[in-house]
Amino acid sequence: MGEVSPHQAPAGDADASGFDGLFARERGPMLRLAVLMVGSAESAEDVVQDAFASVSVRWEELERPGGYLRTTVVNGCRMVLRRREVEDRHEGALSGPAVSALPTHLVELREALTGLSERQRIAIVMRYFADASDVEIAELLDCRQSTVRSLIRRGLSSMRKELA
Amino acid sequence: MRIEEQLRRELPALADALLDTGTGAVAAPVASPGDVIEVEFELDPRPRTEEHTMTKTRWLLAGVAAAVILVIVGVVALNNDDEQGLDTVDTPEAPTATVAPTTTVGPATTVVPTTTPAPEVLEVAEQIRAYFDARAADLAAPVPDPDLSRFSGRAGGPMQQHQGAVQGLYEQGRAIRPGDQGPNDLRVGFVDVEGDGGVDVEASASAVACEVNYGVLYEVATGNVVNDDVATREFEILLVQVEGVWEVVFIEATEQWDGEAGCALSPTDYPL
């Protein structure tokens with residue numbers, strides 16, 4: 001999809017509460033959230049661009065565009081992870097950028113995150129990066145709160161082993 | 001440092017590092033590593049994906065639907081000469097597990113099995129085993145039990161769907177017998193018991209279980225083996241307690257691996 005411009009927002013939204021403001025305020029945090037989930041800046045860029053495009057199209061009907069944006073970003077990340085899983089299964093290739101430039105402890109953290117299932121990874125990132133509650137994560141993953149707790153617990157257990 | 005603290009401290013740094021070492025296309029104003037993203041989710045309208053078809057308030061109904069899909073997939077798989085079915089296997093004998101005695105569970109009791117599991121956790125785990133045993137016994141029996149008496153009190157919604165699977169096997173003249181290592185290896189993991197299960201429900205519980213299925217699908221008349229591949233599956237299971245009896249109301253295979261793999265390699269995560 002093409003580059004999303006803040007100018008695609010409806011007229012009159014150039015103030016801080018409009019689309020321009022949302023774009024300026026949330027693009028960075030959304031990129032950081034997405035890159036933790038998908039593991040690559042390129043994929044994160046695509047996801048966030050698509051999410052802003054979706055917000056732009058629906059701007060007039062959204063009561064809380066910020067919330068819609070975040071939900072769209074997470075759903076976009078899930079789609080990327082799912083596609084990648086299929087690709088990896090067929091090609092046997094690992095996705096993601098070269099990480100040689102990262103400090104060792106971050107490489108290990110990234111590998112530990114990559115080793116989680118899609119749902120575990122999203123739950124872990126949402127809890128420990130975005131400070132999301134069980135309720136919020138459950139809504140995102142369309143599951144019960146107890147399942148969220150289970151996903152986080154098992155995710156932490158797996159990462160603890162990887163990082164030990 | 002605890003893993004939780006490590007994540008809170010290092011995830012922001014990892015995000016920034018990944019963006020810096022990525023495509024270089026990130027020029028947006030990026031928050032500082034210490035910032036916390038405002039979490040505000042708008043759910044309606046929400047973007048729909050193929051996985052976003054359930055809502056919390058309809059989980060029971062959706063659970064039944066998921067169970068239908070699970071069983072249908074199982075029956076289809078059993079029809080396939082090249083693939084292993086989804087269902088469990090067991091000895092021809094009926095399971096002897098009994099329903100655990102009535103226990104009133106306190107409100108919102110989250111129990112993580114560590115060294116000494118709470119009684120209600122053991123009850124739930126026992127009921128899950130009984131469910132798998134009963135289901136496997138039906139599939140293993142050359143002459144399926146049409147009344148599914150083994151399931152009485154053990155499976156609410158999934159029972160009706162399971163009946164279709166049993167009938168399907170019977171009509172094909174097939175059954176599933178234990179493999180060399182037995183019918184299966186079932187381990188129950190995280191169990192979460194909540195006291196308030198809603199109207200007419202005393203308590204509810206969710207759990208995860210890991211099953212290595214050693215079952216052999218075969219033709220009853222000839223004894224010919226159709227499929228003896230080992231498969232591992234992780235299940236998400238929901239139960240409710242009604243009049244003291246735990247019933248499985250939802251079961252779904254969330255992940256699957258060929259051979260003895262995946263969750264089977266993490267026995268400490270499934271201690272029950």
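The values are calculated or read from the model by the stated rules, or taken from the named source; none is laboratory data. Just so we're clear, the structure is a prediction, and the values are computed from it rather than from any experiment. We place every Cβ from the backbone using ideal geometry, glycine too, and count neighbours over all the protein chains shown.
Is it fair to say A:Arg153 is among the charged types (D, E, K, R), within 16 Å of A:Arg78 (Cβ to Cβ) and either in a helix (DSSP H, G or I) or more than 7 Å from chain B (Cβ to nearest Cβ) (or both)? Lay out the reasoning, then the answer.
Details: among the charged types (D, E, K, R): yes; within 16 Å of A:Arg78 (Cβ to Cβ): no; either in a helix (DSSP H, G or I) or more than 7 Å from chain B (Cβ to nearest Cβ) (or both): yes.
Answer is no for this residue.
Of all residues in segment B:179-206, those being in a strand (DSSP E or B), modelled with pLDDT under 80 and of a type outside the set (A, V, I, L, M, F, W, C) number 1. Scan segment A:22-45 residue by residue and report those that are closer than 12 Å to A:Phe129 by Cα and either in the same structural domain as A:Leu113 (by TED's automatic domain parsing) or aliphatic (A, V, I, L, M) (or both). Listed by number, the residues that qualify are A:Met30, A:Leu33, A:Ala34, A:Val35, A:Leu36, A:Met37. If you go through segment B:238-246 one residue at a time, do you hit one that is within 11 Å of chain A (Cβ to nearest Cβ), surrounded by fewer than 18 Cβ atoms within 10 Å (Cβ to Cβ), at pLDDT 80 or above and outside any helix (DSSP H, G or I)? No: zero hits. Every condition in (1) within 19 Å of A:Arg82 (Cα to Cα); (2) more than 8 Å from chain B (Cβ to nearest Cβ) is met by A:Asp142 except one, and the failing one is (2). Pairing residues of segment A:111-134 that are not assigned by TED's automatic domain parsing to the domain that holds A:Val80 and assigned to a loop (DSSP other than H, G, I, E, B) with residues that are at pLDDT 95 or above and of a type in the set (Asp, Glu), at Cβ distances under 6 Å and at least 6 apart in sequence or on separate chains, gives no pairs at all. Scanning segment A:105-118 for residues that are more than 8 Å from every other protein chain (Cβ to nearest Cβ) and closer than 27 Å to B:Ser204 by Cβ returns A:Leu116, A:Glu118. Looking at A:Val48, is it under 23 Å from A:Gly115 (Cβ atoms), of a type in the set (A, V, I, L, M, F, W, C) and modelled with pLDDT of 90 or more? No, not satisfied.
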